[in-house]
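Structure first, then comments.
The values are calculated or read from the model by the stated rules, or taken from the named source; none is laboratory data. Values in this document were obtained by computation on a predicted structure and should not be read as measured data. A quick note on method: Cβ atoms are made from the backbone with ideal geometry, for glycine too, and the neighbour counts reach across all protein chains shown. The protein model used for the area step is the full one, side chains on, heavy atoms only, and it has no ligands, DNA or RNA in it. Shrake-Rupley method; radii C 1.70, N 1.55, O 1.52, S 1.80 Å.
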Amino acid sequence: MLHWLTLMAGSLASLLWAALIFTVPLTLASFALGLTVGLAAAIIRLFGPAPLAAAVRFYVWIIRGTPLLVQLFLIFYGLPSAGIVLDAFPAALIGFTLNVGAYTSEIIRAVISSVPKGQWEAAYSIGMSWTQAMRRTILPQAARTAVPPLSNSFISLVKDTSLAAAITVPELFQAAQRIVATTYEPLILYVEVALIYLALSSVLSALQVRLEQRLGRYGGFLESKS
Amino acid sequence: MIRLSNIEKRFGDVTVLKGVTLTVAEGRVTALIGPSGGGKSTLLRCINLLEVPTSGSVRIGEEELTFHPGSKPNWPDVRRLRSQTGMVFQNFQLFPHRTAVENVMEGLVTVQKWPFGKAQERAMTLLQKVGMAHKADAWPATLSGGQQQRVAIARALAPFPRVLLCDEPTSALDPELSDEVVDVLGKLAEEGTTMVMATHDLRLASKIAHEVVFLESGQVVENGASRDLFSRPTRERTKRFIATLTQQGQH
């Protein structure tokens, strides 16, 4: 038992460091970029010209229909054969961004269309343009509805970044693998790394609750029981 | 003055309005009545171009737009005409994420770029007028239907429209709540607000409308001064319809 604790304590610093300088920035950056892609894709699907909308559907089809690990391998190991050589971190960033973009575009499309048509009409009736109606009336209401499903995507992403280990990004999971390679204590190290992911996800779940309350403070929603 | 000339509106194969011509004088209140599906709401929505007429023309004050089948009017023209109007909806359609006063300010701040303080001042004046100043900071979800509709009236009036369009403004309200809305609209009528309203509410129409237009199957069956039309309709169809409304009112 004491052996366990000393091993965990001894490796904690380097694991947290890997999380801090790779896992967290990779997650935050690819989620922010992915959301932007997702919003643009959703708007094109709903309001854009048919050929563009078809292109977006194709993109979503490809990304959702192929494994994330395969996508990462394609970008990092495959693209150099086509003359495009990327470092591990940017390759991972691109892969995760495309992935988040495809999944969140469907969420954003759904929540935008869930805002009643009458809200568009009310916005137009006081003189708003499409952009003003979207920014001031539709998106703020859609945002509240989007928090639970987008939180799912975000939390999935935190854990999915462990796949970046496979394309040589020295993030949290790879750091654990390296320690295992020298200590031969896979059980302890992988339990430890699982707990760190759990802690990260828990922080996000707590933030989700806060964000739901903040965005839904105008009322009219069913409150969750706990 | 508002002038609708020969308005036709088709949805696919269905013709909802079959050449409606209508003039509304400044400062007058016109009620559109008639059976459901007769085209009242569509006609009203053609005035502020939430529905774009298939053909015909709409004139509000100095602004006029003519429509042709198959061609879309350009957006600046639509907005210019629309900016002459304000609209009150059957289901209020307040912005739920904005307080009462923010709802009223929204058009002034976002569209007309008024400074915050000035917009707030005008919004409070309007809330005062509809008797909702005490709820200025309330979220719409916490207001009764009648209160929401009064805030919605204030919101529609905020950008100084030439005409207030009301689409069944009391239909979602029980008689007691609809009274408070009728009172507010009556007050506005007395002050000379130009209004066009689609309604089933005989009390609303008889109390505040000067003119009544009876629409059925996309056509004007009869129109005239409200006192005459309600008491001495000339067409048999109008008589029967008004009789049903009166019976409803007695229950």
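Figures for the structure shown
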item	result
B:Lys187 accessible area, assembled protein chains, probe 1.4 Å, Å²	80
Those GluC sites (Glu not before Pro) in the range B:179-234 that DSSP places in a loop and that have at most 12 other beta carbons within 10 Å	B:Glu191
Percent antiparallel among DSSP beta bridges (both partners in the protein assembly as shown, rounded to 5)	60
Amide H contacts under 5 Å for B:Leu17, placed H, 5+ residues apart	B:Lys9
Globularity index of the range B:95-160, i.e. its alpha-carbon radius of gyration over 2.2 N^0.38 Å	0.97
Given B:Lys18/B:Lys187; A:Lys117/B:Lys40; A:Lys117/B:Lys9; B:Lys187/B:Lys239, the pairs whose alpha carbons are separated by over 23 Å	B:Lys18/B:Lys187; B:Lys187/B:Lys239
Within-11-Å neighbourhood charge of A:Val147 [Cβ basis; K, R +1; D, E -1]	+2
GNM flexibility winner over chain B from B:Asn103, B:Asn74, B:Asn223 (Cα, springs under 10 Å)	B:Asn74
Sum of -39500 (n - 2.57) over DSSP H runs of 4+, divided by residues of chain A (222 nm, nearest 500)	-24500 deg cm²/dmol
In Å², nearest 10: area of B:Ile2 left accessible to a 1.4 Å probe	10
Spin-label pair A:Ala32/A:Arg57, simplified geometry with 7 Å Cα→Cβ offset, distance in nm	3.4
Helix A:172-183 axis, angle to chain A major axis (alpha carbon atoms, nearest 10°)	10
Zero-based 5 Å bins, Cα pair distances in chain B, whole percents	1, 6, 14, 17, 18, 17, 13, 9, 4, 1, 0, 0
Rounded to 5, percent antiparallel among DSSP beta bridges of chain B	60
Protection proxy ranking, peptides B:94-100, B:52-58, A:64-70, B:63-69, average beta carbon neighbours within 10 Å, highest first	B:94-100, B:52-58, B:63-69, A:64-70
B:Asp179 accessible area, assembled protein chains, probe 1.4 Å, Å²	60
Compactness relative to 2.2 N^0.38 Å, alpha carbon Rg of the protein assembly as shown	1.30
Efficiency of FRET from Cβ geometry, A:Val209 and B:Thr244, R₀ 56 Å, rounded to 0.05	0.60
Calculated FRET efficiency for the pair A:Ser224/A:Arg135, C-beta based, R₀ 35 Å, to 0.05	0.80
Percent carbon-and-sulfur accessible area, the protein assembly as shown, ignoring ligands, DNA and RNA, probe 1.4 Å	59
Between the range A:1-42 and the range A:171-204, the alpha-carbon center distance in angstrom	11
Net +/- balance of residues flanking B:Val182 in space, Cβ distance below 14 Å, scoring K and R +1, D and E -1	-4
For the range B:114-137 versus the range A:63-110, the gap between their alpha-carbon centres in whole angstrom	51
Within a Gaussian network of chain B (alpha carbon springs, distance under 10 Å), most fluctuating of B:Lys135, B:Lys207, B:Lys118	B:Lys118
Per residue convex hull volume, Cα atoms of chain A, in Å³	152
